[in-house]
1. How many residues, within region A:117-151, are of a type in the set (Gly, Ala, Ser), touching a Lys or Arg at 6+ places or on another chain (Cβ under 8 Å) and either in a helix (DSSP H, G or I) or crowded, with 17+ Cβ neighbours inside 10 Å (or both)?
2. Just for region B:246-270: of the residues that are within 11 Å of chain A (Cβ to nearest Cβ) and acidic (Asp, Glu), which one is surrounded by the fewest Cβ atoms within 10 Å (Cβ to Cβ)?
3. Looking at region B:218-231 only, could you name the residues that are farther than 24 Å from A:Gln196 by Cα, out of contact with any Ser or Thr (no Cβ under 7 Å at 6 or more places or on another chain) and open to solvent by 10 Å² or more (accessible area, probe 1.4 Å)?
4. State whether the residues of region A:181-197 include one that is open to solvent by less than 10 Å² (accessible area, probe 1.4 Å), in contact with a strand residue (DSSP E or B) (Cβ under 6 Å, 6 or more places away or on another chain) and more than 30 Å from A:Ala288 (Cβ to Cβ).
5. Do we have any residue at all in region B:107-128 that's of a type in the set (A, V, I, L, M), within 22 Å of B:Gly39 (Cβ to Cβ) and modelled with pLDDT of 90 or more?
6. Scan region B:162-173 for residues that are surrounded by fewer than 22 Cβ atoms within 10 Å (Cβ to Cβ) and either within 14 Å of chain A (Cβ to nearest Cβ) or assigned to a helix (DSSP H, G or I) (or both) and jot them down.
7. Can you tell me which of A:Asp91, A:Asp95, A:Asp106 is of a type in the set (Asp, Glu) and open to solvent by less than 70 Å² (accessible area, probe 1.4 Å)?
8. Of the residues in region A:279-306, how many are open to solvent by 50 Å² or more (accessible area, probe 1.4 Å) and either in contact with a Cys (Cβ under 9 Å, 6 or more places away or on another chain) or of a type in the set (Asp, Glu) (or both)?
Amino acid sequence: MVEKQVLLEVSELRKYYPISRGIFRRVAGYVKAVDGVSFSVNQGEVVGLIGESGCGKTTTGRCILRAITPTSGSILFHNGKAQDVTAMNRDELRDYRRNAQMIFQDPYSSLNPRMSVLEIVGEALYVNGVARGRALEDRVRVLMSQVGLKPEHMRRFPHAFSGGQRQRIGIARALALEPKLIVADEPTSALDVSIQAQIINLLQNLQKTLGLTYLLIAHDLSVIRHFSNRVVVLYVGQACEVSDTEELFRAPRHPYTEALLSAVPKPDPKRRGNRIVLGGEVPDPAAAPLGCKFHPRCPYSQEVCRTELPPMIEVSEDHFASCHFSETLKLRAV
Amino acid sequence: MDQQKANVLLEAKDLKVDFILDEGTVRAVNNVSLTVKRGKTLGMIGESGCGKSVTAQSILRVVPSPPGRIVGGSILLYAMNGDASVDIASLDPKGKAIREIRGREISMIFQEPMTSFSPVHTVGNQIGEALILHRRFSSEKARQESISALARVGIPKPEQRVDEYPYQLSGGMRQRAMIAMALSCSPRLLIADEPTTALDVTIQAQILELLRKLQDEEGMAMLIITHNLGIVAEMAEDVVVMYFGYAVEYGDVNQIFEAPLHPYTRCLWDAIPSIDKKSDRELTTIKGNVPDPFSEFAGCPFFERCPEAMPERCELSPPPLVEVVAGHRVRCFLYEVKANG
């Protein structure tokens, strides 16, 4: 077994947004979008980040790319030496961003309609002084064929492409600088089923041929199971379970994971009606409950859950869960 | 046969809807036939642009017109005892007859509850509107009824919520309020167009549970439009698969999931990753894209993407509708061969 090489280490990441009130814009509270999330991503791995809206998965992804600056915590990126992304200066960030790129959810709003594919995909190459003129065009040609687009279409504008093809343009743009890490934020959720499969296969093939590492943000659990090696489950800004994908789906150790797996409608009419339906709603991250964030909706909650925040504990090798009863609860798999 | 007929609530026969635009004509719905049974759920599945929403809009006669027009076929809504029927397709879309049906006999819930509520009226006023209109309730009585409708869909503190505006409710609550509005006059058919697409998984589970519970209580039929195979498997008794304006396959939910017949249905089934097991194989993809809406096909619209296409045959003439097993119909040449010999 090859020793796993850590590429990215996120620890105690926090991002708070102040809420201001009154004429003096007095700070009245904080939206705790991400509230102490820790996980690591190994070289060549696909780590899935799952959770419902408002759980902080997109904020986490954006902090990792320093698209936004986190309130506290560290993000170590190992590229030769370990560097803290949160403490990088302008020049260091420029270097870092050659190694860490993003693919967006919406293939319509993420491409500038007034730029041709050549300009969109080639922009990063040009700005970073990697290639100019003929060499730039050649490189864009290679990138386009890598993602299954016809290189002769490089002078066309985004409107001339379908949703799936636009997503391919976004992928080519992310690949342009040969990054090590790609943060893919819901890369397939705006696409139709038949197109979604094409994009997943493409991302998977690129990973194999280019040795990429993905942080895959998604809410579709079947995509996560198909594609990722490890999973981080988020709930209201906190990680409630971090585990190997197979183990998570076979033996979840946090009641929220159990409910999430069970809530997904399965494409099998024989399994109808056999699921856990949670009451209540995802709490507002500005006014999250005390103790375990999940306790108001948790079917197993006890007195202690109301007052004490459960620590993240290793329940088995490389499988972490933050639940007071993760050792004793018998939870259902998918 | 009569027994079977008596179970039918709504029957669309060879429905055709065109959109006549400057750029050309979009044949949004092509000879679609389907049946909604009393008290049962029909799941309509397909990708974007397959005509599923237009079919639903035709049933309520709310297809934007111009440019949309029903150019053929009928939509029969049967009365309680199953003899008399109204052809919705032939009614005047602004007339009294269809307005008697909308909201009372058939009502609809939408994907994005925020855009289908009026932002400047309270939730209670919007729910009560149909009651005042169809049932001639006084406004006080309509308000009381709205409160109990909100309570029935599981909204906490309904007497307070009834006076709030839609923006004050969360996404899940808004969808519940919309269901309350749609069900205020106890319709016989509820059309749900992607009812949970905008919601989170755990909230989606709540809404599906609620719809099923209300269906049991009210005995209403449902037409659920979705692109999510899981929702269809979970909710529907019968399924219709749409592609490019055609109903390519129609059957009972078990038939469709266990033995899908149309190559498109089979491709769709293989294209979704499984949540139950990890497989190392690649996902099956359907080559190419959904055709441009202006395209015209002499033959089968799925021909270019079909893994089992028969060049001469499928390209030249439209595929026949074949009933392969009782109640399981498919629009494909592959089965014509089998049926004939």
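1. Of all residues in region A:117-151, those of a type in the set (Gly, Ala, Ser) come to A:122, A:124, A:129, A:131, A:133, A:135, A:145, A:148.
After this cut, where a residue has to be touching a Lys or Arg at 6+ places or on another chain (Cβ under 8 Å) as well, the list is A:122, A:124, A:131, A:148.
Next cut, either in a helix (DSSP H, G or I) or crowded, with 17+ Cβ neighbours inside 10 Å (or both) only: A:122, A:124.
Total satisfying the criteria: 2.
2. B:Glu258
3. Result: B:Gly219, single match.
4. Checked against the condition, which is being open to solvent by less than 10 Å² (accessible area, probe 1.4 Å), in contact with a strand residue (DSSP E or B) (Cβ under 6 Å, 6 or more places away or on another chain) and more than 30 Å from A:Ala288 (Cβ to Cβ), region A:181-197 yields at least one hit.
5. From region B:107-128, those of a type in the set (A, V, I, L, M) are B:108-109, B:114, B:120, B:123, B:127; that's our starting set.
Of the ones still in play, those that are also within 22 Å of B:Gly39 (Cβ to Cβ) are B:108-109.
Next, from what is left, pick out any that are modelled with pLDDT of 90 or more: B:108-109.
Yes; the residues of region B:107-128 include at least one that is of a type in the set (A, V, I, L, M), within 22 Å of B:Gly39 (Cβ to Cβ) and modelled with pLDDT of 90 or more.
6. So the first thing to find is which residues in region B:162-173 are surrounded by fewer than 22 Cβ atoms within 10 Å (Cβ to Cβ), and the list is B:163-171.
B:Pro166, B:Tyr167, B:Gln168, B:Leu169, B:Ser170, B:Gly171 - these are the residues of region B:162-173 that are surrounded by fewer than 22 Cβ atoms within 10 Å (Cβ to Cβ) and either within 14 Å of chain A (Cβ to nearest Cβ) or assigned to a helix (DSSP H, G or I) (or both).
7. Details: A:Asp91 fails: open to solvent by less than 70 Å² (accessible area, probe 1.4 Å); A:Asp95 fails: open to solvent by less than 70 Å² (accessible area, probe 1.4 Å).
That would be A:Asp106, the only listed residue that is of a type in the set (Asp, Glu) and open to solvent by less than 70 Å² (accessible area, probe 1.4 Å).
8. Our first condition is that a residue be open to solvent by 50 Å² or more (accessible area, probe 1.4 Å); within region A:279-306, this holds for A:281, A:284, A:287, A:290, A:296, A:299-300, A:302-303, A:306.
In the following step, the residues that additionally are either in contact with a Cys (Cβ under 9 Å, 6 or more places away or on another chain) or of a type in the set (Asp, Glu) (or both) were identified as A:281, A:284, A:300, A:303, A:306.
Of the residues in that region, 5 qualify.
The values are calculated or read from the model by the stated rules, or taken from the named source; none is laboratory data. Note that this is a predicted model, so its numbers are computed, not measured. Please note: Cβ atoms are built from the backbone with ideal geometry, for glycine as well, and neighbour counts cover all protein chains shown. We work out accessible area using only protein heavy atoms, side chains counted, and drop any ligands, DNA or RNA first. Shrake-Rupley method; radii C 1.70, N 1.55, O 1.52, S 1.80 Å.
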